[in-house]
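The values are calculated or read from the model by the stated rules, or taken from the named source; none is laboratory data. Worth saying up front: this structure is predicted, and the values here are computed from it rather than measured. Using ideal geometry, Cβ is built from the backbone for each residue, glycine included, and neighbour counts are taken over all protein chains shown. Side chains are part of the model used for accessible areas, which takes the heavy atoms of the whole protein and leaves out ligands, DNA and RNA. Shrake-Rupley method; radii C 1.70, N 1.55, O 1.52, S 1.80 Å.
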Amino acid sequence: IGLIVTGYAYVSHPLGQANTGQYGIYGDKLIPGWKRIVKMVHDSGESKIAMQIVHAGFNSGYLINQGKSVLAVSKLPEAKRAHREMTDDDIEEIIDNFGKAAKRVREAGFDAVQLHGAHGYIFSQFASPLFNHRTDRWGGSPENRRRFLMEVIRKIRKAVGDDFPVLIKFGVKDDRKGGVSLREGIKTCQQMVLAGIDGIEVSGGVGSSPLSIKEGEIDKPAFRERAAKVKKAVNVPVAVVHGIRSLEMAEDIIDSGDADMVSMCRPFIREPHLILRWQRGDTRPAACTSCEKCSRLVARGKPLECVEERRLRSHNLDSRT
């Protein structure tokens, strides 16, 4: 694997936390633990490792499950969960927290930092008219709605310097009526590059869950066409994530020029050595069945593992005994 990207680490405690059991990068006390992870990766081979950082904003399941109020970009009268609208001070503090978190990422020895700018978390919330109803400088026009993201990128670039890669996993389009259009998302990609982003991983924005690969499906790269359009619009490397399960599909995406890199997650949870298997000539698709059970474990604060692989191991053990 060329580049390992951690799961998202939250930058603000506790308002930025998305899930129970989620790890963070919100304080200097966390740096020593992350240094051990980085050393393990660097000592094991030639892979690089980036940390993904996030603020959950309105979608903090951690706070919701505790019955606590969450931070929202703007007041949402139709929302049932308790929330309050961010003040200017709140926004500036979160921008500052992202900058401090990125600096810690570099101090811990990571090779890059990646913003989680997708899936309905804080960058999606500011960018999307579905969440952002503000009438001040943080809302209204596309330029104002993307201002928060641009300010975070500039803050991070100042914190880590010009020689440290700053990446983003970006929901380039919302898949709900009234959300961000692909045209607007591509314009944001171009603006991000000007602000200092070094690479874009194309993913989904608000309402992308219906596009998810279904259990048993092999190869459903829902964001491939979007990635191809982003690649034509920017001059930095573009990756595409989601639904890639075979070497044939991965190579086709690269050979066609639709993206510079392919990203996978769940296949590696089932088969950490998947790339080695393919390199050694066994090019069967990934064994991952896209059952989503690993994701449900994480949502409950449980250790990450492939539930199906555990079941098979248990069955094989029972058979031997």
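One table, with the values for the structure above:
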| item | result |
| --- | --- |
| Distance violations [Cα-Cα > 32 Å] among Lys29/Lys177; Lys35/Lys302; Lys80/Lys103; Lys169/Lys214 | Lys29/Lys177; Lys80/Lys103 |
| Stokes-Einstein diffusion coefficient of the stretch 186-233, Kirkwood radius over Cα pairs, 4 °C, 1.567 mPa s, in µm²/s | 105 µm²/s |
| Equivalent ellipsoid, the stretch 211-289 (semi-axes from 5 times Cα gyration tensor eigenvalues, Å) | 22, 14, 10 |
| Size of electric dipole in the chain: Cβ of Lys, Arg +1 and of Asp, Glu -1, about Cα centre, debye, nearest 20 | 660 debye |
| Isotropically averaged projected area of the chain, using the convex hull of Cα atoms (one quarter of hull area), nm² | 17.6 nm² |
| Selection from Gly204, Ser124, Met86, by position along the positive dipole direction of the stretch 85-239 (Cβ) | Gly204 |
| Cα-based convex hull, the stretch 30-114, per residue volume (Å³, whole number) | 115 Å³ |
| Tail beyond 22 Å, pair distance distribution of the stretch 81-167 (Cα, percent) | 30 percent |
| Point-charge dipole on Cβ atoms (K/R +1, D/E -1) for the stretch 215-290, about Cα centre, debye to 20 | 220 debye |
| Per residue accessible area of the stretch 230-321, 1.4 Å probe, in Å² | 60 Å² |
| Between the stretch 224-243 and the stretch 135-156, the alpha-carbon center distance in angstrom | 23 Å |
| Shape category assigned to the stretch 21-171 from the gyration tensor of Cα positions, a/c cut at 1.5 | prolate |
| Value of relative contact order over the chain, rounded to a whole percent, pairs C-alpha under 8 Å and six or more apart | 13 percent |
| Cβ crowding within 10 Å averaged over residues, with 92-100, 269-277 ranked highest first | 92-100, 269-277 |
| Sum of -39500 (n - 2.57) over DSSP H runs of 4+, divided by residues of the chain (222 nm, nearest 500) | -12000 deg cm²/dmol |
| Point-charge dipole on Cβ atoms (K/R +1, D/E -1) for the stretch 251-321, about Cα centre, debye to 20 | 700 debye |
| Per DSSP, loop GluC sites (Glu not before Pro) in the stretch 17-90 with at most 16 further Cβ within 10 Å | Glu46, Glu78 |
| Relative packing of peptides 140-147, 11-18 - highest average C-beta neighbours within 10 Å first | 11-18, 140-147 |
